Amino acid sequence: MKVEIWSDVVCPFCYLGKKKFENALEQFEYKDQVEVVWHSFQLDPDSRYQPGVTIADYLVKHKGYGAEDVKEMHSELKERGAAVGVTFNIEKALPANTFDAHRLIHLAEANGLQNEAEERFFKAYFTEGKNIEDKATLTALATEIGLPANDVANLLEGDQYTDEVKRDIHDSRSLGIRGVPFFLIDEKFSVSGAQESNYFLRALTKAWVEKV
């Protein structure tokens, strides 16, 4: 059974959804027969890293949130993250373009390390406050999880997996996906958002029963 997940590595709810889904999958009786595939999605394709600009600045200036609302949102995310083992240091997060990170996630898929890449990029952005648009940072993160240094360098210097990222985004539009995370189970059942683990478990179970 295949589970496809559309996600962006600067999306806090995608990180929460990943953890909650993984908790559900761990409880699923047939977990060893589930293939998980991550697909690219960009919340803001026009976003670019700007020195000195924090995610709070971005949300206030570009998304129209009030400063107090942003503080409240960050506080809530810290609590929700702690409940599933995620440390959200949102105040450190640096707005950045994620296109190259998504290309590297496709390279990771080709090397059997896609989930590791997703996890590492999430942690780098939300916990460590790293600039995930920076090529040196991406190189360090990618090689840390085991991707070949030469392959990483060639990708970042060229356009490898550009078409695959664009195809993922196109497919998301075709499916009517307006927000992430979005989970498609066996091309039949969809789950939108960072649902609770028992919700994911019921969806996995229902899909499996109908499959067999």
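Readers should treat all values here as calculations from the given coordinates under stated rules, not as data from a laboratory. Note that this is a predicted model, so its numbers are computed, not measured. With ideal geometry, Cβ positions are generated from the backbone for all residues, glycine too; neighbour counts draw on all protein chains shown.
Points to keep in mind about this one:
- Alpha carbon convex hull of the range 40-107, projected area averaged over orientations, nm²: 5.5 nm²
- The range 88-126 and the range 163-209 have Cα centres separated by 19 Å.
- Rounded to whole Å, sorted largest first: equivalent-ellipsoid semi-axes of the range 169-212, Cα gyration tensor: 21, 14, 5
- Normalised by 2.2 N^0.38 Å, where N is the number of residues, the C-alpha radius of gyration of the range 62-170 stands at 1.18.
- Among 95-107, 153-165, the peptide with the highest mean count of other Cβ atoms within 10 Å heads the list, and the full ranking is 95-107, 153-165.
- Residue-span extension gain [E26 to S75] - 0.36 nm each, minus C-alpha spacing: 14.8 nm
- Selection from W208, S75, N111 lying farthest towards where the dipole of the range 2-211 points positive, charges on Cβ: S75
- Averaging 1/r over every pair of different alpha carbons in the chain and inverting the result gives a Kirkwood radius of 17.8 Å.
- Violating pairs (Cα-Cα greater than 29 angstrom) within the set K63/K166; K78/K188; K20/K63: K78/K188
- Point-charge dipole on Cβ atoms (K/R +1, D/E -1) for the chain, about Cα centre, debye to 20: 440 debye
- Distance between modelled label sites at K123 and R178, nm, 7 Å Cα→Cβ extension: 3.5 nm
- Label separation (D46 vs A140): 3.1 nm, computed from points 7 Å beyond Cα along the C-beta direction.
- Packing rank of 125-135, 57-67, where each peptide gets the mean count of other beta carbons within 10 Å, highest leading: 125-135, 57-67
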